[in-house]
Amino acid sequence: MTSIIRAIESLSIWVGRAFGWTILILTFSVSYEVFVRYVLNAPTVWAFDMMVQMYGALFLMAGPYALAQDAHVRADVIYRFFPVKVQGGIDFTLYLLFFFPGMLALFWFGAEIAADSWRYKEVSWNSPARIQIYFFKTLIPVAGGLLLLQGFAELARCWIAMRTGKWPARLEDVRETEDLLTEQSSADTNNSSANSH
């Protein structure tokens, strides 16, 4: 079961890293638009659409990555004090009751929206360039499918936690600078106290 969890997490991390490059595209397009608009007084017709689609793609495709990294916001004021087996049971129940119905709806209705968009080659009505957006709408069911897949990995993780009382280790990717500095500070404190003895 652990190998299946790792395979799904690896896919989610790979997709998250791939779509992370949209941040670079987004940064360059915003910078270019600001320059040509305010310095050259020659705004583009495409930059706004580029920004909307890149941000939307990043937002959709970062969901499975964030879930695989346990990076979604949680209100765990009381939850963290429970034993791991209880935490696993709570998470398992909440995934079944709330996560999966929502992600199934995202996948199912997203597929319908994408199919309709492809059928009539939908263009953006908010865009002066009237760009095609059916490619972008395809990401809705793709994101839903990847979230469902990662959700199954999370269910398996909860099942292991309920049975063993330990959470399986996650594949680590990037980490917050704040977390790294906290760990370094703790290590420095431990080293200095060990040296003083």
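A short reminder: the numbers here are calculations on the coordinates, not readings from a lab. From a predicted model like this one, the values you see are computed outputs, not experimental measurements. Quick reminder, even Gly has a Cβ in these numbers, built from the backbone with ideal geometry, and neighbours come from all protein chains shown.
What's the ranking of 20-30, 177-187 by average number of surrounding C-beta atoms within 10 Å, highest first?
Ranked by mean Cβ neighbours within 10 Å, highest first: 20-30, 177-187.
What FRET efficiency do you get for TYR79 and ALA115 if R0 is 41 Å and r is their Cβ-Cβ distance, rounded to the nearest 0.05?
0.55
With a 10 Å radius around each residue's Cβ, average the other Cβ atoms per peptide and rank 114-120, 136-142, highest first.
Highest to lowest by the protection proxy: 136-142, 114-120.
Arrange the following residues from fewest to most other Cβ atoms within 10 Å of their Cβ: VAL45, VAL73, VAL15.
Least crowded to most crowded, the residues run VAL73, VAL45, VAL15.
Convert each backbone phi in region 98-112 into a coupling constant with the Karplus relation 6.51 cos²θ - 1.76 cosθ + 1.60 (shift: θ = phi - 60°), then list the ³J(HN,Hα) values in order as whole Hz, x for Gly and Pro.
The phi angles translate into 10, 5, 5, x, x, 6, 5, 5, 4, 5, 5, 6, x, 5, 5 Hz.
Under a 5 Å amide H to amide H cut-off, with H placed in plane at 1.01 Å, what residues pair with VAL123 once short-range neighbours are removed?
ILE133
What are the ³J(HN,Hα) couplings of region 5-20, residue after residue, when phi is run through the Karplus curve with 6.51, -1.76, 1.60 and θ = phi - 60°? Round to Hz, x for glycine and proline.
Result, ordered by residue: 4, 4, 5, 5, 4, 4, 5, 4, 5, 4, 5, x, 5, 4, 7, x Hz.
Select from ASP91, ASP76, ASP49 the residue whose mean-square fluctuation is largest in a Gaussian network model of the chain (Cα-Cα springs shorter than 10 Å).
Judging by the Gaussian network model, the answer is ASP76.
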